[in-house]
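S.K.: What follows is a single structure, and I will ask about it in a moment.
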Amino acid sequence: MFLKIKVFSFDDLNDLIVGFIVYDHIGNAIFGSNTNVHEYGNIKFKKEREYIINFQFVMPHMKNGDFSIS
């Protein structure tokens, strides 16, 4: 499974961690990840630039239902 997260930086940012969490229909966290776990290293964003962070992961088995991501 692949997930792309697009980020726009309004300021210069250092040591940034970008991540996501998938929740079930009642708000329980099912799984997630971040750039620290994936060993992206020290992420620095420059002011007024757009970045795309790519994640690749194995999707856990989940029952049919409604889920959200943040």
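The values are calculated or read from the model by the stated rules, or taken from the named source; none is laboratory data. As the structure is a computational prediction, the values presented were derived from the model and not from experiment. Ligands, DNA and RNA are excluded from the accessible area calculation, which covers all protein heavy atoms including side chains. Shrake-Rupley method; radii C 1.70, N 1.55, O 1.52, S 1.80 Å.
S.K.: If a residue must be open to solvent by less than 60 Å² (accessible area, probe 1.4 Å) and part of a loop (DSSP other than H, G, I, E, B), how many such residues does segment 14-70 contain?
M.R.: Final tally of qualifying residues: 9.
S.K.: Provide a single number: the residues in segment 1-11 that are open to solvent by 100 Å² or more (accessible area, probe 1.4 Å) and not aromatic (Phe, Trp, Tyr).
M.R.: Of the residues in segment 1-11, 3 are open to solvent by 100 Å² or more (accessible area, probe 1.4 Å) and not aromatic (Phe, Trp, Tyr).
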